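The values are calculated or read from the model by the stated rules, or taken from the named source; none is laboratory data. Quick caveat: nothing in here was measured; it's all calculated off a predicted structure. Positions of Cβ are generated from backbone atoms using ideal geometry, with glycine treated the same way; all protein chains shown enter the neighbour counts. Each accessible area value is taken on the protein alone, full model and side chains, heavy atoms only, with ligands, DNA and RNA left out. Shrake-Rupley method; radii C 1.70, N 1.55, O 1.52, S 1.80 Å.
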Amino acid sequence: MRLVNLGLLACAAICSLQAQSLRSLAEQRGIRFGAAVAPSHFSETEYATVLAREFNQVEPENLMKFGLIHPGPTTYSFGPADSIVAFAQAHAMAVRGHTLVWHNQRPKWLTGGTFTPEQLFSILQEHIKTVVGHYAGKVYAWDVVNEAFETDGSLRKTMWSNSPGIGLEGTGYIEQALKWAHAADPKALLFYNDYNAETVNAKSDAIFKMAQDFKSRGVPLDGIGWQMHIGTKPQIAGMETNMKRITDLGLQVQITELDVKVSVDSSGAATPAGLELQAKVYHDIVALCVKNPHCTAIQTWGFTDRYSWIPHTSKGNGAALEFDVNYQPKPAYNAILEALKAPR
């Protein structure tokens with residue numbers, strides 16, 4: 001009987017381990033594990049089932065961007081993004097907002113106009129007030145400003161910054177956007193989000209300098225978002241150094257758009273060796289976040305290779321996410337599980 005009981009206990013432990021999801025393990029660690037989503041896929045049973053089972057956070061891939069949510073000067077289109085919020089509420093998931101201020105995906109009425117800085121100031125103020133206000137209490141965090149810096153650390157020239165800008169110098173427009181977002185929802189966490197800024201380099205130095213300045217003057221900035229559309233040779237040591245200096249300021253770091261591209265053949269298939277290398281990258285990045293208590297969320301840009309953007313934007317690459325095109329977990333999925341179980 002004792003042998004039978006031990007066998008049953010062992011089986012129960014194995015079954016419990018196998019039943020663990022990304023979501024359940026992340027919740028045990030106090031981390032949100034999310035995915036960027038498109039509600040057009042919610043009617044697909046496997047998509048909705050895996051999303052609800054594995055993730056405790058969602059973010060719209062596109063539907064909260066200026067061009068889609070504010071298609072006319074006085075017209076807002078909240079319905080599609082509202083459906084993401086409704087899905088999240090039905091499945092006890094948090095919602096991140098993405099993004100309020102960006103130089104891409106702006107509506108034609110805005111890009112085709114000849115607005116003065118004073119007019120753009122009012123347009124952006126009204127946009128942030130309306131969008132953030134609409135989702136107050138429903139969206140817990142916002143990527144307020146997206147991709148404002150160039151690779152060399154200089155400010156990108158955009159409609160919002162200085163072409164013609166909203167009448168504020170340097171990072172003043174970023175500061176103002178944060179203040180407007182905070183006024184519209186004082187409880188929401190506010191992030192600056194960018195790519196190729198997760199390790200120590202000229203861009204991340206500029207972002208860090210801005211964050212230092214904002215924190216010293218009480219500007220409402222709660223964290224830095226790392227996009228992390230990467231390959232299989234990440235600079236983990238540089239990421240750790242950068243994460244520490246950001247979190248030492250009292251800010252959070254959230255990994256917001258993670259995917260790890262690998263080489264694929266003409267049918268979109270990766271080699272077993274490529275998938276194992278990818279799995280190690282996912283493991284190491286998640287382990288880095290788990291190690292720092294101020295890294296509070298990890299989000300992949302999608303979750304199934306079926307709908308990944310990588311094959312369309314990076315020729316010869318793909319298979320970048322943790323589930324394959326048939327919603328089966330890949331080695332990356334298991335590697336993430338292992339990293340989430342590791343002690344801090």
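The table below lists the values:
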| read-out | value |
| --- | --- |
| Tally of residues being under 23 Å from residue 246 (Cα atoms) and either among the small types (Gly, Ala, Ser) or in contact with a helix residue (DSSP H, G or I) (Cβ under 6 Å, 6 or more places away or on another chain) (or both) across the range 291-322 | 5 |
| Boolean, residue 313 is open to solvent by 10 Å² or more (accessible area, probe 1.4 Å) and over 18 Å from the mean Cα position of the chain (by Cα) | yes |
| Hits in the range 77-118 - residues which are open to solvent by 60 Å² or more (accessible area, probe 1.4 Å), under 19 Å from residue 174 (Cβ atoms) and part of a helix (DSSP H, G or I) | 118 |
| Test: residue in the range 34-46 that is touching a Leu at 6+ places or on another chain (Cβ under 7 Å) and either at pLDDT 95 or above or over 26 Å from residue 128 (Cα atoms) (or both) | yes |
| Lone qualifier among 281, 253 - being farther than 19 Å from residue 329 by Cα and in contact (Cβ under 8 Å) with a residue 12 or more places away in the chain | 253 |
| Qualifying residue in the range 161-168 (condition: open to solvent by 30 Å² or more (accessible area, probe 1.4 Å) and part of a helix (DSSP H, G or I)) | no |
| Test: residue 221 is touching a Gly at 6+ places or on another chain (Cβ under 7 Å), open to solvent by less than 30 Å² (accessible area, probe 1.4 Å) and of a type in the set (A, V, I, L, M) | no |
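Yes/no per residue for (1) surrounded by 15 or more Cβ atoms within 10 Å (Cβ to Cβ); (2) touching a residue at least 24 places away in the same chain (Cβ under 8 Å):
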| position | (1), (2) |
| --- | --- |
| 154 | no, yes |
| 178 | yes, yes |
| 187 | no, yes |
| 212 | no, yes |
| 216 | no, no |
